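The values are calculated or read from the model by the stated rules, or taken from the named source; none is laboratory data. Quick caveat: nothing in here was measured; it's all calculated off a predicted structure. Note: ideal-geometry Cβ built from the backbone for every residue, glycine included; neighbour counts use all protein chains shown.
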Amino acid sequence: MTYTLAADSALLQPIQVGDTLATNRLFMAPLTRSRAAADGTPSDLAAEYYSQRAAAGLIVSEATAVSRGANGAYMNTPGIYTDAHQAKWAEIAQAVHDAGGKMFVQLWHVGRMAHSEISGSQPVAPSAIAADMLTHTPTGKKPLEIPRALDIEEIPGIVADFRAAARRAIDAGMDGVEIHGANGYLLHEFASDVVNQRTDAYGGSPENRARLTAEVVEAVVAEIGAGRVGLRISPGNHAGDMHENDMSAYEALLNRIAPLGIAYLHVLIDPSAHIFGVLRALWSGTFVLNTGRDTGTDFSQLEGYAEWGAISAAAVGRAYLANPDLIDRLVLGAELNEPVVATFYAPGPVGYIDYPTLDEVAEPRSA
């Protein structure tokens with residue numbers, strides 16, 4: 001696939017994202033790569049992986065657990081809740097900055113998507129409703145377990161974990177953090193009117209279902225400043241066996257957090273969906289679109305949205321995964337590398353740091 005961006009393309013213009021000046025509007029979306037150590041310490045290869053892609057307007061890291069209990073959806077995913085984690089993220093931040101890039105760490109709690117064989121404990125969720133899915137565990141594929149409904153007294157601890165992880169990210173030298181409120185994980189689960197069956201202050205009404213995400217955003221803003229905080233949501237997305245009939249929790253959420261002035265809102269959504277227009281009308285700040293396409297990115301579509309002002313920036317995943325020099329390729333109209341799906345979650349450097357750039361001589365690889 002090829003696509004050419006003119007020098008004056010809207011996607012190539014700089015944009016102020018909170019406290020961070022992004023050199024262009026093609027951000028690198030968060031991508032789980034399953035290459036961290038078993039204890040959640042990022043891989044020794046991660047600094048090279050991310051710094052190779054420093055030409056992205058903003059890099060958003062793979063989803064990163066805010067506590068031991070927040071991890072456990074997939075094997076070998078990173079955390080940022082120990083000194084060893086923080087030290088490795090500091091190496092990554094330095095490498096990205098040395099290459100001229102900017103980077104946020106995405107913070108998550110996986111909620112009911114965890115499995116006890118990975119996390120070491122029973123998963124937690126807003127309600128005791130399991131996701132009807134299989135997951136890879138150390139002993140093979142197994143169904144996800146019925147989670148334990150969080151006691152209301154535990155919820156402040158969840159908020160505190162996000163706040164502490166955000167502090168560690170900034171102390172490690174990162175430019176900011178993105179709070180993961182999407183894709184079927186804990187904050188998304190609370191927003192759902194189907195998965196969340198609570199009858200206390202965190203369930204029922206749109207405002208109550210939005211409460212946990214809002215409290216997390218408010219706590220992180222209080223800790224590191226609004227200009228260093230992004231939020232990702234995915235209204236109506238079915239990832240993680242999610243079900244939502246009522247999108248009003250997202251309207252309640254944006255109404256509550258809009259006065260904070262966070263750096264950006266990152267929305268994983270089909271732009272043709274009705275809720276896209278609703279959210280766009282509610283959000284006057286930086287609006288980052290991720291269409292969630294599993295196939296090739298439609299850069300023409302993204303460029304059109306940016307030119308019309310419908311979006312401030314676009315986050316793309318697989319295109320950056322396979323093309324460290326994506327911006328150069330788009331400017332020159334060069335052929336894009338195809339991602340090798342078989343290596344997405346495999347250990348080691350293959351399919352991670354060995355995708356060729358235009359100035360490298362490399363033999364084509366196959367899956």
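Kindly check whether there is at least one residue in segment 297-311 that is surrounded by fewer than 21 Cβ atoms within 10 Å (Cβ to Cβ), in a helix (DSSP H, G or I) and among the small types (Gly, Ala, Ser). Checked against the condition, which is being surrounded by fewer than 21 Cβ atoms within 10 Å (Cβ to Cβ), in a helix (DSSP H, G or I) and among the small types (Gly, Ala, Ser), segment 297-311 yields at least one hit.
The set of residues in segment 197-217 that are farther than 24 Å from Gly18 by Cβ, surrounded by fewer than 24 Cβ atoms within 10 Å (Cβ to Cβ) and of a type outside the set (A, V, I, L, M) comprises Gln197, Arg198, Thr199, Asp200, Tyr202, Gly203, Gly204, Ser205, Pro206, Glu207, Asn208.
Residues in segment 83-141 that are out of contact with any helix residue (DSSP H, G or I) (no Cβ under 9 Å at 6 or more places or on another chain), among the β-branched types (Val, Ile, Thr) and modelled with pLDDT of 95 or more: 0 in all. Looking only at segment 278-296, count how many residues are outside any helix (DSSP H, G or I) and either of a type outside the set (Val, Ile, Thr) or surrounded by 14 or more Cβ atoms within 10 Å (Cβ to Cβ) (or both). Final tally of qualifying residues: 13.
Is there a residue being crowded, with 18+ Cβ neighbours inside 10 Å, without any contact (Cβ under 8 Å) to a residue 40 or more places away in the chain, small (Gly, Ala, Ser) and in contact with a helix residue (DSSP H, G or I) (Cβ under 7 Å, 6 or more places away or on another chain) anywhere in segment 314-331? Yes, because at least one residue in segment 314-331 is crowded, with 18+ Cβ neighbours inside 10 Å, without any contact (Cβ under 8 Å) to a residue 40 or more places away in the chain, small (Gly, Ala, Ser) and in contact with a helix residue (DSSP H, G or I) (Cβ under 7 Å, 6 or more places away or on another chain). Restricting segment 246-277 to residues that are free of Cβ contacts under 8 Å to residues at least 12 places away in the same chain and either under 11 Å from Ser234 (Cα atoms) or not in a helix (DSSP H, G or I) (or both) leaves a set whose member that is nearest to the chain's Cα centre (by Cα) is Phe276. If you check Pro156 against the conditions, is it closer than 26 Å to Gly230 by Cβ, surrounded by 15 or more Cβ atoms within 10 Å (Cβ to Cβ) and over 20 Å from the mean Cα position of the chain (by Cα)? Here the answer is no, as Pro156 does not meet what is asked. Here is a check on your reading of the model: is His136 within 23 Å of Asp200 (Cα to Cα) and out of contact with any Cys (no Cβ under 6 Å at 6 or more places or on another chain)? Against the criterion (within 23 Å of Asp200 (Cα to Cα) and out of contact with any Cys (no Cβ under 6 Å at 6 or more places or on another chain)), His136 does not qualify. Here is a list: Leu21, Leu45, Leu31. Which entry is surrounded by fewer than 23 Cβ atoms within 10 Å (Cβ to Cβ), more than 17 Å from Ile92 (Cα to Cα) and either in contact with a His (Cβ under 9 Å, 6 or more places away or on another chain) or in contact (Cβ under 8 Å) with a residue 40 or more places away in the chain (or both)? Of the residues listed, the single one that is surrounded by fewer than 23 Cβ atoms within 10 Å (Cβ to Cβ), more than 17 Å from Ile92 (Cα to Cα) and either in contact with a His (Cβ under 9 Å, 6 or more places away or on another chain) or in contact (Cβ under 8 Å) with a residue 40 or more places away in the chain (or both) is Leu21. Checking each residue in segment 83-120 for being surrounded by fewer than 15 Cβ atoms within 10 Å (Cβ to Cβ) and under 13 Å from Ala65 (Cβ atoms) picks out only Gly120.
Note on segment 312-358: residues that are under 17 Å from Ser34 (Cα atoms), assigned to a helix (DSSP H, G or I) and not β-branched (Val, Ile, Thr) total 5. For segment 57-73, the set of residues classified as assigned to a loop (DSSP other than H, G, I, E, B), out of contact with any Lys or Arg (no Cβ under 8 Å at 6 or more places or on another chain) and buried (at least 21 other Cβ atoms within 10 Å of the Cβ) consists of Val66, Asn71, Gly72, Ala73, listed by residue number. Note on segment 84-113: residues that are in contact with a strand residue (DSSP E or B) (Cβ under 8 Å, 6 or more places away or on another chain) and in a loop (DSSP other than H, G, I, E, B) amount to 4. Within segment 114-143, which residues are part of a loop (DSSP other than H, G, I, E, B), on the phi < 0 side of the Ramachandran plot and free of Cβ contacts under 8 Å to residues at least 60 places away in the same chain? Of everything in segment 114-143, those that are part of a loop (DSSP other than H, G, I, E, B), on the phi < 0 side of the Ramachandran plot and free of Cβ contacts under 8 Å to residues at least 60 places away in the same chain turn out to be Ala114, His115, Ser121, Gln122, Pro123, Ala128, Ala130, Thr139. A search for C-beta distances below 7 Å between a residue of segment 281-308 that is over 24 Å from Glu251 (Cα atoms) and modelled with pLDDT under 95 and any residue that is assigned to a strand (DSSP E or B) and not small (Gly, Ala, Ser), counting only pairs 6+ apart in sequence or on different chains, returns Thr297/Val316.
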